[in-house]
Amino acid sequence: MKLLPALLALGLLAANSFAHAADPNLARDLAATCANCHGTNGHAVKGAGIDALAGTEKSKTLQKLSDFRSGAKPASIMHQITKGYTDEQLDLIATFFAAQK
Amino acid sequence: MLINRRDFLKLGTAAGTMAALYGCAGGGKQAGGHVVVVGGGYGGATLAKYLRMWSAGGVRVTMIERNPSFVSCPMSNLVIGGINTLDDITVSYDNLKSRWQVRVVQDDVVAVDAEKRSISLASGGSMTYDRLVLSPGVDFMFDRIPGLNNAAAQAKILHAWKAGPQTVALRKQLVDMKDGGVFAIAIPKAPYRCPPAPYERACLVADYFKKHKPKSKVVILDGNPEITAKKDLFTKAWADLYPGLIEYRNDSEVKDVDPATNTAMTEFDQFKADVLNVIPPQQAGQIAIKSGVNLINNRWVDINWLSMESTSIPNIHVLGDAVFPAPTMAKSGHMANQQGKLAAAAILNMLADQPPNPEPMAMSACYSFMDPNSAVHVNSVHHYDAATKTMQPVKGAGGVSAARNEAEAKLAIGWAKNIWADMLA
């Protein structure tokens with residue numbers, strides 16, 4: 001966090017700098033859109049038949065998402081949902097879930 | 001910390017990096033204050049939990065709900081079809097209280113004073129807020145159906161469109177009905193709460209008749225020109241599973257009823273049923289209308305989709321079925337839950353003097369049972385579009401099931417268990 005004073009000195013933290021900035025909690029907010037089915041922070045209800053995502057290695061989640069999207073991995077619904085998110089968004093989501101204990 | 005160094009770099013723009021720094025360094029103002037949430041359904045309960053979780057307890061949350069526990073509308077058609085009981089779709093607010101320290105108050109909000117930022121309770125007394133969230137669901141426009149505009153008629157001709165006592169009462173009417181009777185369900189013009197649910201109800205009642213009262217019949221009086229959701233899947237299920245059992249009539253809006261004879265009147269026709277189930281036209285829950293927020297079509301609340309805040313009254317946010325829907329966005333429990341998180345994130349930013357996330361997303365997955373062992377889904381993904389200032393469906397995403405199937409009947413139950421936990425556990 002040593003960058004902070006330098007940035008402050010440059011005057012770059014003015015409120016209007018944030019107008020088009022990515023939200024600091026973007027990954028958290030995106031991952032929350034998955035939680036309805038995959039559980040809060042990826043902790044799905046055990047025995048309910050839906051994959052838990054918390055603590056799953058990022059590369060593994062990304063591979064799964066990519067296979068759903070391409071059709072390589074058959075799905076009932078995930079092939080349709082994955083097409084709604086950009087690669088960058090899926091990357092943020094997979095990173096967030098990998099970091100959940 | 002939610003954002004690691006690699007993500008930092010991925011954020012790309014210098015401004016993005018700074019926003020991330022600002023959010024994580026603890027140098028900025030932390031979100032604090034008191035949020036009052038009116039309504040503990042899919043929208044309100046989700047928002048209450050996520051406000052507490054994401055602020056690590058920094059924001060005080062009071063949730064005012066008139067019922068003692070949560071009863072789910074999704075899955076309630078399984079109770080009407082006799083497969084589940086009301087207990088199966090009821091979840092307590094205990095975890096919201098003890099685990100998340102949400103102050104849950106069983107009461108009704110009767111007035112909002114936006115100037116003083118306070119609300120009044122039916123039991124007397126009032127409460128002030130920094131931000132108010134109204135998640136009141138829908139209320140029924142009984143005045144549009146004159147014969148139904150009194151308590152006695154409403155006790156006989158049920159809607160069962162809010163889960164609870166009416167769900168159980170409609171089930172009892174079906175159990176008490178003689179074999180050879182007619183169950184008629186009247187659907188209002190869209191938009192109404194949960195578009196596919198009336199057709200799902202027709203399926204599950206037909207399933208009950210098929211097994212227990214085979215001489216009986218289901219009639220759908222639809223106020224719409226055609227089936228409003230999952231049309232091909234329902235049409236096929238009716239033909240395959242319930243031949244001769246379900247009669248569908250489009251453009252048949254019920255304009256009046258005669259409770260004495262259980263008769264529904266459409267513009268040119270009259271229809272007598274043994275069990276008459278009328279889903280009345282709907283509008284935003286009364287407290288949203290009373291609060292004075294801007295409405296669209298005099299029925300639904302006009303909100304800013306970046307924050308779910310009213311376009312006319314600052315510090316009042318509105319969620320769920322009460323909101324004027326974004327394009328192709330259905331009124332559903334799943335969508336209310338998504339909106340609860342969108343609003344929770346925005347409110348925490350705003351309480352810390354930060355702008356809301358400029359690129360929110362929301363998605364929907366909605367299952368309908370075709371019989372107790374098979375189901376279908378429809379889903380959609382929505383992103384904020386700055387040009388139109390609303391949520392727009394992401395092109396190429398979403399869709400429906402290829403065909404009804406057993407796996408999705410199990411997934412539908414898995415969906416319910418997970419979303420109830422996401423709101424209330």
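Just so it is clear, none of the values below were taken in a lab; they were calculated from the coordinates. Just so it is clear, the structure is predicted and the values come from calculations on it, not from any experiment. All Cβ positions, even for glycine, are placed from backbone atoms using ideal geometry, and neighbour counts span all protein chains on display.
Compute the Rg/Rh shape ratio of the stretch B:144-281: radius of gyration over Kirkwood radius, all on alpha-carbon atoms.
0.93
On the principal axes of its Cα set, how long, how wide and how thick is the stretch B:210-323? Give whole Å, largest value first.
57, 35, 27
In the neighborhood of A:Met78, defined by Cβ-to-Cβ distances under 9 Å, what is the net charge if each Lys or Arg adds +1 and each Asp or Glu adds -1?
After counting each charged neighbour, the total is +3.
If you line up the long axis of helix B:165-176 against the longest principal axis of chain B, both from Cα atoms, how many degrees apart are they, to the nearest 10?
20
What residue among B:Leu148, B:Tyr208, B:Leu86 has its Cα farthest toward the positive end of the dipole of the protein assembly as shown, where the charges are +1 on Lys, Arg and -1 on Asp, Glu, each on the Cβ?
The residue sitting farthest along the positive end of the dipole is B:Leu86.
In whole Hz, with x marking every Gly and Pro, tabulate ³J(HN,Hα) for the stretch B:402-407 from phi via Karplus 6.51 cos²θ - 1.76 cosθ + 1.60, θ = phi - 60°.
5, 7, 5, 7, 6, 4
Under 10 Å, Cα contacts only: if you run a Gaussian network model on chain B, which one of B:Ala237, B:Ala407, B:Ala184 comes out with the highest mean-square fluctuation?
B:Ala407
Where the only charges are on Cβ atoms (+1 Lys, Arg; -1 Asp, Glu), what is the dipole of the protein assembly as shown about its Cα centre, to the nearest 20 debye?
The calculation lands at about 1040 debye.
Could you work out the per residue convex hull volume over the alpha carbons of the stretch B:261-318, in cubic angstrom?
Considering the Cα atoms of the stretch B:261-318, their hull volume per residue is 121 Å³.
Against the longest alpha carbon principal axis of chain B, how many degrees, from 0 to 90 and to the nearest 10, is the axis of helix B:333-351 turned?
With rounding to tens, the tilt is 20 degrees.
Based on the Cα atoms of the protein assembly as shown, what semi-axes does the equivalent ellipsoid have, where each is the square root of 5 times one gyration tensor eigenvalue, given in whole Å with the largest first?
41, 27, 19
With 20 Å bins from zero, work out the P(r) of chain B over every alpha carbon pair and list the percent per bin.
With a bin width of 20 Å, the distribution comes to 25, 55, 18, 1.
Considering amide H positions built from the backbone, and no H for Pro or chain starts, which residues 5 or more places from B:Gln282, or on another chain, come under 5 Å of its amide H?
The list, which skips near neighbours in sequence, is B:Met141.
If Lys and Arg each add +1 and Asp and Glu each add -1, what is the summed charge of the other residues whose beta carbon sits under 15 Å from the beta carbon of B:Val104?
That works out to +3.
Please list, ordered by chain and number, the residues whose modelled amide H lies under 5 Å from the amide H of B:His317; skip anything fewer than 5 residues away on the same chain.
Those qualifying (amide H under 5 Å, at least 5 residues apart or on another chain) are B:Leu132, B:Val133, B:Leu134, B:Ser310.
Using the Cα centre of the stretch B:153-241 as the reference point, and only Cβ charges (+1 on K/R, -1 on D/E), how large is the resulting charge dipole? Debye, rounded to the nearest 20.
It comes to approximately 260 debye.
If the reach is capped at under 23 angstrom between alpha carbons, list the lysines near B:Lys290, excluding any in the same chain fewer than eight residues apart.
Partners found: B:Lys116, B:Lys162, B:Lys331.
Which entries in the list B:Lys172/B:Lys211; B:Lys97/B:Lys417; B:Lys189/B:Lys395; A:Lys64/A:Lys101; A:Lys60/B:Lys417; B:Lys189/B:Lys215 go over 22 Å, if you measure between the two C-alpha atoms of each?
Cα-Cα > 22 Å for B:Lys189/B:Lys395; A:Lys60/B:Lys417; B:Lys189/B:Lys215; rest within.
For helix B:42-54, what angle does its Cα long axis make with the longest principal axis of chain B, in degrees from 0 to 90 and rounded to 10?
Here the helix axis deviates by roughly 20 degrees.
I need the fraction of alpha carbon pairs in the stretch A:21-98 separated by more than 19 Å, rounded to a whole percent.
Within the stretch A:21-98, distances greater than 19 Å cover 32 percent of Cα pairs.
Give the distance, in whole Å, between the Cα centre of the stretch B:342-419 and the Cα centre of the stretch B:130-162.
26
Pull up all non-local amide H partners of B:Gly33: gap of 5 or more, or a different chain, and H-to-H distance under 5 Å with H placed in the peptide plane.
B:Arg60
For B:Lys410, go through the lysines and keep the ones whose alpha-carbon is under 17 Å away, minus same-chain ones fewer than eight residues off.
Reachable lysines: A:Lys46.
Taking the Cα centre of chain B as origin and charging only Cβ (+1 Lys, Arg; -1 Asp, Glu), how large is the dipole, in debye to the nearest 20?
Rounded to the nearest 20 debye, it is 820 debye.
Over the whole of A:73-84, what's the average partner chain Cβ count within 10 Å per residue? Rounded to a whole number, please.
6
Taking just the C-alpha trace of the stretch B:320-418, give me its Rg and Dmax in Å.
Reported Rg and Dmax, both Å: 15.7, 50.
Please compute the length gained on full extension between B:Thr128 and B:Thr235, using 0.36 nm multiplied by the number of residues separating them and subtracting their Cα-Cα distance.
Once the chain is fully extended between B:Thr128 and B:Thr235, it gains 33.4 nm.
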